[in-house]
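Visitor: Take this structure, written in structure tokens, and hold onto it; I'll ask about it next.
The values are calculated or read from the model by the stated rules, or taken from the named source; none is laboratory data. Please read all numbers here as calculations on a predicted model, not as lab measurements. Virtual Cβ from ideal backbone geometry, glycine too; neighbours counted across all protein chains shown.
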């Protein structure tokens, strides 16, 4: 509360805020981004065909035909990592395969619409990424696709590490993304035949609660500031060290249940993974062998209330998760299907301080006071 208020008033208001979270009048979850004069704010539509993979359209230079571009579909990943392309696809584009199987796409042109500065017409825009590094992989059965499209592009290949300047926002419900790019990366086509994408949706349901889940960095990856599974926030590794439960947002994670856990985390938590019920998932360049596990409780930290400072937990009971048996790291990923099932107007955004946050509207009963967190069991 502001210092100029009398002491008794903020104490009373704070007590009320802690005791209950009331439904609020619907309003935009995030304020519009105002880019500097040297930059442009753009909006990029995602595909309706495979929304669980967050596909966008782009073009690359045809290496076989000079001055010709090839239309491609790109799976955009909210996680930092490597870009991937199938070897068969890479060759079809006319590229040679380097010995180290790391290639460079000289240009990747993403189709978008200019948001700011505002234009009365001719908003159609091209965003030009240069020297995109990709790892060339060989999917099973001589496949030529990655995540059911031509290639995968991670967030770091878009921003080149400048997340704060790009302030990327991924509107899962509205099926578009926004980001700020230097003017030098933008080509305004100005054809005048485009229509602006609609503004982010605002639900009319006054019974929902607006909430935001801030993140911290774990080995360079944004993960929720607090997460727990079955009352455990940490678990012991074989070497005796303690590991936290690290939950992040993965825009290309397509499992129906919406939550993917690495085998490293499942083992650390002592979960029973169904045997003999393995399923095949789609990895960047492989078939992922997975199993299923049951969680009694899954918690993620959020803040809500008029000032956005009331601490609450999103609490889900009796949850089924997919366990990736190929991955011994320590992560839990929530994907588009998780967001669709539990949120209205979900948006995953990086703010001007470089902090990634998941915002959305939830049912009040899904949020619980942090005092209800179950303390870890004594050894």
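Visitor: Go through the stretch 74-123 and count every residue that is over 21 Å from the mean Cα position of the chain (by Cα), more than 18 Å from residue 180 (Cβ to Cβ) and in contact (Cβ under 8 Å) with a residue 40 or more places away in the chain.
Guide: Within the stretch 74-123, residues that are over 21 Å from the mean Cα position of the chain (by Cα), more than 18 Å from residue 180 (Cβ to Cβ) and in contact (Cβ under 8 Å) with a residue 40 or more places away in the chain number 11.
Visitor: Can you find, within the stretch 300-316, the residue that is nearest to residue 228 (Cα to Cα) among those that are out of contact with any helix residue (DSSP H, G or I) (no Cβ under 9 Å at 6 or more places or on another chain) and modelled with pLDDT of 95 or more?
Guide: 300
Visitor: Now for a separate question. Checking residue 340 against (1) touching a strand residue (DSSP E or B) at 6+ places or on another chain (Cβ under 7 Å); (2) at pLDDT below 95: exactly one of these is not met. Which one?
Guide: That leaves (1) as the condition not met.
Visitor: What's the total number of residues in the stretch 241-272 that are in a strand (DSSP E or B) and farther than 18 Å from residue 335 by Cα?
Guide: Summing the residues that are in a strand (DSSP E or B) and farther than 18 Å from residue 335 by Cα in the stretch 241-272 gives 3.
Visitor: Select the strands (runs of 3 or more DSSP E) contained entirely in the stretch 295-379, then report the ones holding at least 1 residues which are over 19 Å from the mean Cα position of the chain (by Cα) and within 23 Å of residue 28 (Cα to Cα).
Guide: 310-324, 367-369
Visitor: Let me ask you something else. Has the stretch 147-160 got any residue that is without any contact (Cβ under 8 Å) to a residue 24 or more places away in the chain and in a loop (DSSP other than H, G, I, E, B)?
Guide: Yes, the stretch 147-160 contains a residue that is without any contact (Cβ under 8 Å) to a residue 24 or more places away in the chain and in a loop (DSSP other than H, G, I, E, B).
Visitor: Which of the residues that make up the stretch 44-68 are at pLDDT below 85 and within 15 Å of the chain's Cα centre (by Cα)?
Guide: 51, 52, 53
Visitor: Further, regarding this structure: Determine the pairs where a residue that is free of Cβ contacts under 8 Å to residues at least 24 places away in the same chain, located within the stretch 164-188, has a partner that is in a strand (DSSP E or B) and exposed (fewer than 15 other Cβ atoms within 10 Å of the Cβ) with Cβ atoms under 9 Å apart, the partner being 6 or more residues away or on another chain.
Guide: Final answer for the pair search is 184/128.
Visitor: Of all residues in the stretch 161-177 being in a loop (DSSP other than H, G, I, E, B) and on the phi < 0 side of the Ramachandran plot, which is modelled with the highest pLDDT?
Guide: Only one residue tops the list, namely 168.
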